[in-house]
Amino acid sequence: MDAEPIPATSAAPSGLTTQQAAQLLSQFGPNTVSEERELWLRALGSKFWAPVPWMLEAAIVLELLLHKNIDAVVIAALLVFNAGISFIQESHAQQALALLRGRLSVEARVRRDDAWQRIPAKGLVPGDLIHLRMGDIVPADAHLTSGTVLVDQSALTGESTPADLKGGDTAYTGGIIKRGEATAVVTATGSHTYFGKTAELVRQAKAAGHLQEMIFTVVKYLVALDVVIVAAVLVYALNTGILLGDVLPFCLMLLVASIPVALPATFTLASALGTRELIHQGVLVSRLSAIEDAAAMDLLATDKTGTLTKNELSVAAIIATPPHSEADVIRFAALASDEATQDPIDLAILTAARARGVSTADFKIRDFIPFEPSTKRSEALLQHGTQSVRVVKGAPLEIAALVGTRRIPEAEKLAAEGYRVLAVAAGSEGSSAQFMKFAGVIGLLDPPRDDSARFVGTLQSLGVRVVMITGDTLETAQTIASKVGITGPACAPERLRSDPDAPRDCNVFAGVLPEDKFRLVQAQQHAGHIVGMTGDGVNDAPALKQAEVGVAVANATDVAKSAASLVLTNPGLSDIVSAVETSRRIYQRMLTYTLNKIIKTIEIAVFLSLGLVFTRSLVVTPLLIVLLLFTNDFVTMSIATDRVSFSKRPDRWRIRALVTTAAPLAVLLVLFSLSVLLTGRNILSLSASQIQTLAFLTLVFGGQGTVYLVRERRHFWGSRPSRWMLLSSGVDVAVVSFLAIHGILMAPLAAMIVAGLLVTVVLYLFVVDYLKIAIFRRFGVG
């Protein structure tokens, strides 16, 4: 540890001894906020410990008990595939986040054993005497005992304007010292700090998952249908003398066919492909479920400071008082500013003066007094030719008193519009009102990013309501909201905390605390919204974690990035639009898969049942049902690569509408399949085993055709599918045709019969396509 002499003031305490610090360290622990890191084995195991995996695992056990080993292997392979893809993708995202964070070790100047030292900040304890200088990160919550500092606490509190702190005030962990020096006593460390309490909120937050719920709803409908059919078949078997030993395998086939074994894996694959696409668009996905949720997101709550705005003050308005001009006002303000202090207000004024071409070269500075919190102003004594000129800038009330007036209407006007206001006065050397004249006021704002208004407008056109949340004042929040296109009522924090209807009624929330953001997200979720939240600071992290779609912007703090499910790597918010559009494309692909699965399940259940009634035997063998799992479920996973357009409104899974849409389409396919079955038996005079092959081919060809039938809500030839879809379908049809013609795993059929069946299926699908459009329009699917 290097000693660094810093004179201690007589008013300041002398600090701790090494022995005292060691005792306190053992009592309070290190000055760190513990970060929960999940072991890779536990993370992998969690992919097998959830409702949908339980369902598949139960199916595997059932298959093994019935000695259906091949069936069990197929389902197990899909289960492992789904878990592996999800684990690998999320692991890659976490590794990328770790590289993005690139943590730096913060050090602190602390007085120990009557000497100033530099130690790692994690070694601080309550009671330590620390010294803060410009550029430092505040290492712990600390009570200032002497000195004055300007602290940027926007990452913690959400307030865009730095805070002037003096003796008696508290500086919070993570704040950045922008100006001045101060000595302070540490009051809280680690999880007891303002920062630590926010981190605890992050740990408590948990976004709801909607994919498991959707899959369960699908299964509920399909299993209910199968139970009805199985009951009817059992009654029929008892009445007709069919042996139960022949019927039970049929019942098992129906139940296995109803479980969407490939649905979770297809969702995971589609999401993983989407994350690869989003990486190239500047969006890093750390939680795959956020892809599905982003498609349904109908409300985005966005932080203001550093997210919609640049997090840098700029001169936004100038009102001059005659005979002074705007140039005079900005010139006087620039002369009362000093770039060396790195004060954000001074830098904004000097930048504005340069941008307007206002020169101060004719003035020579004789004396300069930087901003002092006790007087709330800065001033300079200048020489202009033979005249001595005094210029002052500061808080309007202070300047009003200096020029001998009680109020400044111009300042009140700008303050009501949300500006941070400075008043400027100038005159000859002297301290009384007769020497000073009011020159005008300057309004400063943290300006919106150049792309914020376009971003808000685009999201609103996609059906996403955008609301703004900030720790700033109500007036400032309203001003920025109007500039970026967020309209509607604004709520003060008191209403947010007392009125349960405030989240529904207001589009702008001002003066909020971290726990307010967290509760606001929860309130919107309880109201039925799928909520997105953007932010960059520690204060945003709990809400980012709670939201279904938590988005950390490019310049976000480590805590915010860790809590978010999406991390933007490019400046601004525009890439969120890419995430929404990509997720909605994924939804359309999965809608195709799910609708196809429901149609085929209904068709297979009804077709096999009616086939059993008509032929008094199984029209498809159990082995062919397992093969059908590959051809109908596994191969159609290529839907995850399909070329689709994104929907213009938020997507929601409406399973009842899907089932009611699928049912009439399934009935049309059942009629076709039964016609083929009866044709094979009565016209082609096929044997029982050949009829089983014919039924199997009908289900395979029809299954592949149904994918293309439902992938478009208009005529299925309206757009070109992806190359992988066409390739997988072509290979699937070719392989099963080869097996059927050569009698592998099934009774052989003549090549002409196989080819004729394929042509007939295609022609029939063209006819069904016209009916499909009417059915989709009737039930509003898509």
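The values are calculated or read from the model by the stated rules, or taken from the named source; none is laboratory data. Bear in mind that the values here come from a model prediction, so they are computed numbers and not experimental data. Cβ: placed from backbone, ideal geometry, glycine included. Neighbour counts: every protein chain shown. Only protein heavy atoms, including side chains, enter the accessible area calculation; ligands, DNA and RNA are left aside. Shrake-Rupley method; radii C 1.70, N 1.55, O 1.52, S 1.80 Å.
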- Thr189 being modelled with pLDDT of 85 or more and farther than 16 Å from Asp136 by Cβ: yes
- Filter segment 617-650 for residues that are open to solvent by less than 10 Å² (accessible area, probe 1.4 Å) and outside any helix (DSSP H, G or I); the one that is farthest from Leu694 (Cα to Cα) is Asp642
- Output the strands (runs of 3 or more DSSP E) that fall wholly within segment 504-616 and possess 3 or more residues being surrounded by fewer than 24 Cβ atoms within 10 Å (Cβ to Cβ), or say none. none
- Hits in segment 227-246 - residues which are modelled with pLDDT under 75 and in contact with a helix residue (DSSP H, G or I) (Cβ under 7 Å, 6 or more places away or on another chain): Leu244
- Note on the structure: Going through (1) within 18 Å of Val421 (Cα to Cα); (2) touching a residue at least 40 places away in the same chain (Cβ under 8 Å) one by one, Gln342 fails only at (1)
- Message: So Gly418 passes all but one of these: (1) closer than 30 Å to Ala477 by Cβ; (2) open to solvent by less than 20 Å² (accessible area, probe 1.4 Å); (3) at pLDDT 90 or above. Which condition number does it fail?
- Response: (3)
- Task: Starting from segment 439-458, take each residue that is farther than 15 Å from Thr476 by Cα and list its partners that are among the hydroxyl-bearing types (Ser, Thr, Tyr), counting only C-beta distances under 6 angstrom and pairs at least six apart or across chains.
- Result: Gly440/Thr321; Asp451/Ser574; Phe455/Ser574
- Item | Looking only at segment 372-394, and only at residues there that are open to solvent by less than 70 Å² (accessible area, probe 1.4 Å) and part of a loop (DSSP other than H, G, I, E, B), the one that is farthest from Asp338 (Cα to Cα) | Gly385
- Counting only strands (runs of 3 or more DSSP E) entirely within segment 253-367, those with at least 2 residues that are of a type outside the set (Val, Ile, Thr), at pLDDT 90 or above and within 30 Å of Ala527 (Cα to Cα) are 299-303
- Applying the selection to segment 483-503, what residues are in a helix (DSSP H, G or I) and either touching a helix residue (DSSP H, G or I) at 6+ places or on another chain (Cβ under 7 Å) or not acidic (Asp, Glu) (or both)? Lys483, Val484, Pro493, Arg495, Leu496, Arg497, Ser498, Ala502, Pro503
- Taking the options Ala320, Ala423, Ala333, Ala353, name whichever one is within 44 Å of the chain's Cα centre (by Cα) and in contact (Cβ under 8 Å) with a residue 40 or more places away in the chain. Ala333
- Within segment 348-371, how many residues turn out to be open to solvent by 50 Å² or more (accessible area, probe 1.4 Å), of a type in the set (A, V, I, L, M, F, W, C) and within 19 Å of Asp152 (Cα to Cα)? 1
- Item | Residues of segment 759-778 that turn out to be surrounded by fewer than 16 Cβ atoms within 10 Å (Cβ to Cβ) and either under 22 Å from Leu674 (Cα atoms) or hydrophobic (A, V, I, L, M, F, W, C) (or both), as a count | 9
- Checking Leu397 against (1) more than 19 Å from Ala334 (Cβ to Cβ); (2) open to solvent by less than 50 Å² (accessible area, probe 1.4 Å); (3) without any contact (Cβ under 8 Å) to a residue 40 or more places away in the chain, which test does it fail? (2)
- Restricting the search to segment 715-748, which residues are surrounded by 12 or more Cβ atoms within 10 Å (Cβ to Cβ), touching a residue at least 60 places away in the same chain (Cβ under 8 Å) and assigned to a loop (DSSP other than H, G, I, E, B)? Ser719, Pro721, Ser722, Leu745, Met746, Ala747
- Test set (1) assigned to a helix (DSSP H, G or I); (2) open to solvent by less than 10 Å² (accessible area, probe 1.4 Å); (3) among the β-branched types (Val, Ile, Thr); (4) in contact with a Phe, Trp or Tyr (Cβ under 9 Å, 6 or more places away or on another chain) - Ile480 fails condition number: (4)
- Note on the structure: Scanning segment 33-47 for residues that are outside any helix (DSSP H, G or I) and buried (at least 16 other Cβ atoms within 10 Å of the Cβ), the one modelled with the lowest pLDDT turns out to be Val33
